[in-house]
Ligand SMILES: [Zn+2]
């Protein structure tokens with residue numbers, strides 16, 4: 001199973017917007033750009049909402065059938081590990097092996113020595129197409145980087161072989177993700193991670209490194225855009241080199257786990273994809289559920305009331321909701337409007353505070369982050385929430401499709 005050049009990981013927490021999301025992909029196709037939609041939902045999201053992995057497959061298949069989509073599409077078991085992969089085996093055909101937890105853990109001396117030996121031909125100066133400076137690699141670098149990442153890649157190998165034993169070779173797409181680690185990986189680190197991936201026999205089609213800067217949930221990138229652009233370009237060069245040198249799959253490409261909505265890095269990404277004729281997997285739009293809230297707010301009446309109630313309850317459980325996401329949010333509680341204040345808002349005001357339009361002075365990124373974490377509360381509302389999604393499905397669908405196409409697909413893949 002081969003992942004096409006451009007693909008997009010899209011989240012849909014409540015599984016009501018698959019068709020509206022697909023509509024954005026169809027619009028891209030009408031502009032002459034093929035993007036494979038990949039519906040993803042992590043074990044963490046399933047746990048918080050109380051859903052099962054099979055529900056994502058059901059939604060994807062239904063969206064594709066209803067939208068008469070004959071292009072590729074996939075279902076991603078996002079950020080899985082050996083302890084939870086089994087429940088995703090049947091319904092997924094894309095597996096994101098998350099081994100960030102094993103980064104920095106010691107590997108056995110024999111394994112490490114073997115790795116250093118097998119990589120010895122990489123020592124010295126390496127000239128990589130697309131990278132202005134030359135990469136210098138010493139034996140010590142290989143040992144140091146090996147001791148940091150080798151155990152993690154070996155863990156990825158174990159997960160990969162487990163999935164392969166259940167699904168069969170070539171019946172699924174493999175991504176290796178090290179994005180949820182503390183430090184960004186340098187090009188040399190990425191190169192050696194890929195060497196280890198090849199040595200483990202993992203036919204990775206995407207690799208998700210951690211980039212420089214902050215990728216907070218649902219809001220724009222915070223960091224040095226120029227530095228990001230350099231890293232992104234260099235990583236593309238490293239991947240090409242690794243494909244040739246280590247025999248990894250030809251279509252191996254970067255996967256950007258964006259945490260959604262990193263608009264300010266879209267332009268440099270677009271430039272790099274064009275310049276190097278490179279592919280990319282972009283995980284974004286986990287914020288689809290915020291488009292649901294925007295749609296509900298704009299629908300007014302009961303829809304607006306639900307949106308306000310979710311915010312009011314979220315403010316009461318602020319600590320609990322923030323905890324699982326502590327490393328990927330920056331909420332200044334002093335900048336959050338009080339529930340009393342929000343209670344007086346009309347639908348347009350609520351939508352304008354939440355909508356990710358940084359040119360609008362009503363936009364409040366603290367409010368947006370807080371609501372983004374509050375899907376657990378919507379899940380607890382049960383039918384009151386999902387019933388409203390159905391009642392206001394047209395308004396919501398317009399928001400979902402418009403957001404995905406105009407703010408994400410167009411700047412990254414089309415313009
Ligand atoms: Zn990730």
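Is it true that some residue in segment 228-247 is on the phi < 0 side of the Ramachandran plot, in contact with a strand residue (DSSP E or B) (Cβ under 8 Å, 6 or more places away or on another chain) and not in a helix (DSSP H, G or I)?
Taking every residue of segment 228-247 in turn, none turns out to be on the phi < 0 side of the Ramachandran plot, in contact with a strand residue (DSSP E or B) (Cβ under 8 Å, 6 or more places away or on another chain) and not in a helix (DSSP H, G or I).
Yes or no: residue 163 within 16 Å of the ligand (Cβ to nearest atom), touching a strand residue (DSSP E or B) at 6+ places or on another chain (Cβ under 7 Å) and in the same structural domain as residue 252 (by TED's automatic domain parsing)?
no
So if I check each of 80, 89, 49, which one is in contact (Cβ under 8 Å) with a residue 12 or more places away in the chain, in the same structural domain as residue 169 (by TED's automatic domain parsing), farther than 23 Å from residue 1 by Cα and in contact with a strand residue (DSSP E or B) (Cβ under 9 Å, 6 or more places away or on another chain)?
After ruling out the rest, the residue left standing is 49.
Per-residue answers, yes or no, for (1) under 27 Å from the mean Cα position of the chain (by Cα); (2) modelled with pLDDT of 95 or more:
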site	(1), (2)
311	yes, yes
323	yes, no
334	no, yes
348	no, yes
355	yes, yes
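Test of understanding: among 227, 199, which residue is within 30 Å of residue 1 (Cα to Cα), surrounded by fewer than 18 Cβ atoms within 10 Å (Cβ to Cβ) and away from the ligand (no atom under 16 Å from the Cβ)?
On the way: 227 fails: within 30 Å of residue 1 (Cα to Cα).
The unique qualifying residue is 199.
So which residues in segment 103-113 are away from the ligand (no atom under 15 Å from the Cβ) and touching a residue at least 12 places away in the same chain (Cβ under 8 Å)?
Scanning segment 103-113 gives 104, 105, 106, 107, 111, 112.
Among what's in segment 183-196 and is assigned to a loop (DSSP other than H, G, I, E, B) and within 16 Å of the ligand (Cβ to nearest atom), pick the residue that is surrounded by the most Cβ atoms within 10 Å (Cβ to Cβ). Spell out the reasoning first.
Keep residues of segment 183-196 that are assigned to a loop (DSSP other than H, G, I, E, B), which gives 183-186.
Retained after the next criterion (residues that are within 16 Å of the ligand (Cβ to nearest atom)): 183-185.
Details: 183: 11, 184: 17, 185: 25.
Among those residues, the one meeting the criterion is 185.
Could you grab me the full set of residues in segment 166-179 that are more than 15 Å from residue 77 (Cβ to Cβ) and within 15 Å of the ligand (Cβ to nearest atom)?
178, 179
For segment 1-86, which fully contained helices (runs of 4 or more DSSP H) count at least 3 residues that are over 18 Å from the mean Cα position of the chain (by Cα)?
The qualifying helices (runs of 4 or more DSSP H) are 18-30, 54-66.
Within segment 266-296, how many residues are away from the ligand (no atom under 16 Å from the Cβ) and either in a loop (DSSP other than H, G, I, E, B) or within 16 Å of residue 34 (Cα to Cα) (or both)?
Adding up the residues that qualify gives 6.
What number of residues within segment 14-44 are within 18 Å of residue 321 (Cβ to Cβ) and buried (at least 23 other Cβ atoms within 10 Å of the Cβ)?
Looking only at that region, the number is 0.
The values are calculated or read from the model by the stated rules, or taken from the named source; none is laboratory data. Since the model is a prediction, treat every value here as computed from it, not as a measurement. We place every Cβ from the backbone using ideal geometry, glycine too, and count neighbours over all the protein chains shown.
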